[in-house]
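The values are calculated or read from the model by the stated rules, or taken from the named source; none is laboratory data. No experiment lies behind these values; they were computed from the predicted model shown. Methodologically, a virtual Cβ is constructed for each residue, glycine included, from the backbone with ideal geometry; neighbour enumeration extends over all protein chains shown.
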Amino acid sequence: MRNTSISFKLNLCFFIIILLSNTIALRGQNIAVYKKFKNQAFRLVDNTNVAKFIIDNQDYEGVHIAAENLRNDIERVSAVKPEYDQVIKNGGNVIIGTLGKSKYLEELIIADKINLDSIENKWEAYTIQQIDGNLVIAGSDKRGTIYGIYTLSELIGVSPWYWWADVPVEQSNKLYITANNVINPGPKVQYRGIFINDEAPALSGWVGEKFGSFNHQFYEHVFELILRLKGNYLWPAMWGRAFYDDDPLNPKLADTYGVVIGTSHHEPLMRAHSEWGKYGNGPWNYTTNAKTLRKFWGEGIKRMGTNESIVTIGMRGDGDEPMTEGTAIELLETVVKDQRKIIQDITRKPAEETPQIWALYKEVQDYYDQGMRVPDDVTLLLADDNWGNIRKLPDPKDFTRTGGYGIYYHFDYVGGPRNYKWLNTTQIARVYEQMSLAYAYNAKKIWIVNVGDIKPMEFPISFFLDYAWDPENFNLSNLESYTINWVKKQFGNAHAVEVAALMQSYSTMVSRRKPELLGPETWSLNHFNEANRVLKEYKNLELQATAIEKKLSKSYKSAFYQLVLYPIKALANLNRLYIATAKNRQFANQGRNTTNDYANKVSELFEMDQTLTDTYHSLNNSKWNHFMDQTHIGYTSWQEPKKNIQPLTEKIEIPQKGNLGIAIEGTDDYFPKVSTLKLLPFDDNHQTQKVELFNTGLDQREFRIENLPDWLLVDTSRGSFNQEHTIEIKLNPIKLPLESTSAMFKIGSNGKAAKIEVNYILKDDQLFSNREYNGIIAIPSDNFQENVGWEEIAHLGRQNSALRPEHKFSEHINYDNTKLVYQMYTGQELQGTITFYVSPTLDFKNQGGLVFKYQIDNGPIKHVNIHKDTKDDWGTSVSNNATRVQASIHLSQGAHSLKIIGEDPGIVLQQILIQSNENLQESYLVPNAANLIEE
């Protein structure tokens, strides 16, 4: 159990690391790189030796490309570039080869120097071994060898993001390697890739400026990145782009590099959607134009040739739209049957020998649920809801399907309830939570993720592909350590702990609500001090990030700005912008003389947004110009505005002589709108409150406090101010009442005064962290008394962590093995609502909703369906990144227990809120249980 408040602090469990000043180790494998000589180590580079590279000329060209990149990487680190050789002499050689393609490996096998049975006939497996003073990198196939090569690149300190994020390389003129029969048996997910999508205006503007078009020169960088990240699959850019048609060298180069090419969920038979407008004739309608469509698709398969590909089959409407309403399943089955005949006729081999997918995206899943089927060899590509929540997972009874299942996931989306394209808003903990379910349910043939423009999704792309390689190697412990290990690869060890904490805090804060969904109305100005708390959190995060940036050497500053500082600064600025707008509008209504100041502040913050963007675009001689062109301010519908639009503000005429205004926490009322204001209750845990005085005129205002009870103290009882003045009121520790009591005092000016009602609640001696205050009990999910069978996933959800059942199948979950117990206490009888805040998980079992149970004390056990027992529709849930599941509750005064009992997997419990009907206070976030008012 722990405090879930967002703050820049170190979680010792998360940040236990070993800083290796002279070694770089690959976790879980018996290989390390040293910068000081160690006995038995292979000398890659030192003062007396530079290893020679030996590779068979007959090996794959993609392997030769990767080997050349490794030579360049060694030069980046050591300033020395190894040379090639053709003969294995004594030692000191890096021998690179693919089984069946390397005479050098054959010689070693025949001489009984190496045994490669462990990788033979495996998919993308590799081994790295020291043999007779040589370092051998051997792969089971082309990509296996390539992955072995790039493993060494990363070990010597070259990040996969060295080009795409300008990650610098730490210099060393000495590199020594120990490799004790390192064997990587290959990936657990066969095809792992990214989808470049929604690529305007950012990526398209950048590509146009730097490469002229989406040609092979651009894609070379994409292919290399994918392979360095141990991915193997790409859906190319498709907004007005056509991978095959834009540059005939694109597919040839992909096949040479070793990247499998597919087309998106609505682009059948290797034809880009944009090609229909260029080469098609007539409507995109199989009922009326089947012959033309078959010819169009057939040309796509001809053009594909023998390039390694996965062919999308099926059909959606023109432009990624649904098919005509009422489209018959029989017609779609005919489409698939005809498409497979095209594949078979053109490839001259059985259709099942060409890898194919059918994407169950949006309404296409409905056709599947209604009974539509495709041949068993076709991979069923299941999809999320475009917001990171998987819609459907395989029925365990169908696990034996030969084509298997895959997942199409999203880090970026254009569509309702809002586009989200500007910043990275993905929590890797959410990816882990959803994709671990996918893996458990046997969706492991293909994992592909929509990454938008590639940048700024660097961190979640790394995680997605790393996780896809071996989901079984990830658990909650190394999930937490993943961020710090990733940071070390980009920025070294010196500040890895601090930078990782920044990234985790940013991830939690941005996940509360995507930037495009933020507005002046998001954060409450009057309840739980929410808006000011948000400002404080962002200020602290930004200060920490700026402080670290100043400590970094110059070489790291560009990468740090791209990967860490810009997202934090830009998001902090956007929240300031909207909160300043909200204050301007509220203050205008109240007549405050600071109203116009906030209007000016909104303009300054709007300009600052552009300044931050300009700084990003100026990095490295404008290398990344246009990448932050995505508009993000001024949405009025799901679609983006054509340009950022400054929020509307109000300016008022301020009189010379104004009045005294008073505002307090917990109410929208203010003086002089109402004559009596009521402070929130004082008790032992809430000993301090603040009253805000404001001036509605230009002249200075005086104030005076009268009749203050002796059990309260104020920092100032009288005085004057020009704009705003905060009075701090706190309990007097030597005059505390012996029982609960009420009082009234006044705050006035020039004969006019507001009555302020105050209450003191005498607490009993019972100790409960989940304790009622002012009709509210706020319970973080991890503040439990007992936990059986629920696993805590740190940094998941809107406020730092969440819990889910350990078991992945309903039949394994019962009362005894999946139960949470919370203790709570209310000082008054409470009639109200209990709200369970759960992640917006979908009914992936297609059973009518996911269910859990709860019990108050020894009362009846009640079932809760998170998809039925909520007023939130899907758009509200994904916008809020939480579904509010509600029920009525009645608690007598005193101690109570709340049990939560599992029934279905996929329930992700973030928070619990119990609120009296008499004290409803609206806010976006659940208030912090430890402190429901500002201290």
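Below, the figures for the structure above:
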{"quantity": "Qualifying residue in region 199-217 (condition: under 27 Å from GLY157 (Cβ atoms) and among the hydroxyl-bearing types (Ser, Thr, Tyr))", "calculated": "no"}
{"quantity": "Scope region 70-113; condition among the β-branched types (Val, Ile, Thr) and either over 21 Å from TYR176 (Cβ atoms) or not assigned by TED's automatic domain parsing to the domain that holds LYS142 (or both); matching residues", "calculated": "VAL87, THR98, ILE109, ILE110"}
{"quantity": "Out of TYR409, TYR439, TYR467, sole residue that is out of contact with any Ser or Thr (no Cβ under 7 Å at 6 or more places or on another chain), in a strand (DSSP E or B) and at pLDDT 95 or above", "calculated": "TYR409"}
{"quantity": "Which listed residue is charged (D, E, K, R), at pLDDT 95 or above and closer than 30 Å to GLU498 by Cα, from ASP59, ASP73", "calculated": "ASP73"}
{"quantity": "Failed criterion for ALA429 (all others in (1) assigned to a loop (DSSP other than H, G, I, E, B); (2) buried (at least 24 other Cβ atoms within 10 Å of the Cβ) hold)", "calculated": "(1)"}
{"quantity": "Matching residues, region 451-497, being among the β-branched types (Val, Ile, Thr) and closer than 25 Å to HIS410 by Cβ", "calculated": "VAL451, ILE454, ILE461, THR483, VAL487"}
{"quantity": "Region 773-783: number of residues that are part of a loop (DSSP other than H, G, I, E, B) and either touching a Lys or Arg at 6+ places or on another chain (Cβ under 9 Å) or crowded, with 23+ Cβ neighbours inside 10 Å (or both)", "calculated": "3"}
{"quantity": "Lone qualifier among GLY452, GLY371 - being among the small types (Gly, Ala, Ser) and surrounded by fewer than 22 Cβ atoms within 10 Å (Cβ to Cβ)", "calculated": "GLY371"}
{"quantity": "Which listed residue is at pLDDT 90 or above and buried (at least 22 other Cβ atoms within 10 Å of the Cβ), from THR263, THR347", "calculated": "THR263"}
{"quantity": "Criterion: modelled with pLDDT of 95 or more, more than 30 Å from PHE694 (Cα to Cα), assigned to a helix (DSSP H, G or I) and not assigned by TED's automatic domain parsing to the domain that holds TRP387 - qualifying residue of ALA599, ALA547, ALA582", "calculated": "ALA547"}
{"quantity": "Filter result for ASN250 (of a type in the set (S, T, N, Q), buried (at least 20 other Cβ atoms within 10 Å of the Cβ), without any contact (Cβ under 8 Å) to a residue 60 or more places away in the chain and not in a strand (DSSP E or B))", "calculated": "yes"}
{"quantity": "Members of region 71-93 that are part of a helix (DSSP H, G or I) and free of Cβ contacts under 8 Å to residues at least 60 places away in the same chain", "calculated": "ARG71, ASN72, GLU75"}
{"quantity": "Members of region 101-114 found to be surrounded by 13 or more Cβ atoms within 10 Å (Cβ to Cβ) and either without any contact (Cβ under 8 Å) to a residue 12 or more places away in the chain or among the acidic types (Asp, Glu) (or both), listed by number", "calculated": "GLU106, GLU107, ILE109"}
{"quantity": "Which listed residue is closer than 29 Å to VAL487 by Cα and among the polar types (S, T, N, Q), from SER603, SER511", "calculated": "SER511"}
{"quantity": "Top-ranked residue of region 30-85 - restricted to ones that are under 20 Å from ALA138 (Cβ atoms) and among the acidic types (Asp, Glu), ranked as surrounded by the fewest Cβ atoms within 10 Å (Cβ to Cβ)", "calculated": "GLU61"}
{"quantity": "Members of region 202-215 found to be under 28 Å from LYS142 (Cα atoms) and surrounded by fewer than 20 Cβ atoms within 10 Å (Cβ to Cβ), listed by number", "calculated": "ASN215"}
{"quantity": "Sole exception among (1) assigned to a loop (DSSP other than H, G, I, E, B); (2) of a type outside the set (S, T, N, Q); (3) in contact (Cβ under 8 Å) with a residue 60 or more places away in the chain for MET238, by number", "calculated": "(3)"}
{"quantity": "Failed criterion for GLU209 (all others in (1) in a loop (DSSP other than H, G, I, E, B); (2) among the acidic types (Asp, Glu); (3) outside the structural domain of ALA67 (by TED's automatic domain parsing) hold)", "calculated": "(1)"}
{"quantity": "Where ILE756 falls short, out of the listed (1) in contact (Cβ under 8 Å) with a residue 24 or more places away in the chain; (2) within 30 Å of ASN783 (Cα to Cα)", "calculated": "(2)"}
{"quantity": "Residue list for region 359-413, restricted to those being farther than 20 Å from GLU330 by Cβ and of a type in the set (S, T, N, Q)", "calculated": "THR379, ASN386, ASN389, THR400, THR402"}
{"quantity": "Residue check, ASP699 assigned to a loop (DSSP other than H, G, I, E, B), farther than 27 Å from ASP597 by Cα and either modelled with pLDDT under 95 or over 44 Å from the mean Cα position of the chain (by Cα) (or both)", "calculated": "no"}
{"quantity": "Condition check for ASP377: outside the structural domain of ASN846 (by TED's automatic domain parsing) and surrounded by fewer than 18 Cβ atoms within 10 Å (Cβ to Cβ)", "calculated": "yes"}
{"quantity": "Wholly within region 288-402, strands (runs of 3 or more DSSP E) carrying at least 3 residues that are under 17 Å from PRO268 (Cβ atoms) and either of a type in the set (Gly, Ala, Ser) or touching a residue at least 60 places away in the same chain (Cβ under 8 Å) (or both)", "calculated": "379-383"}
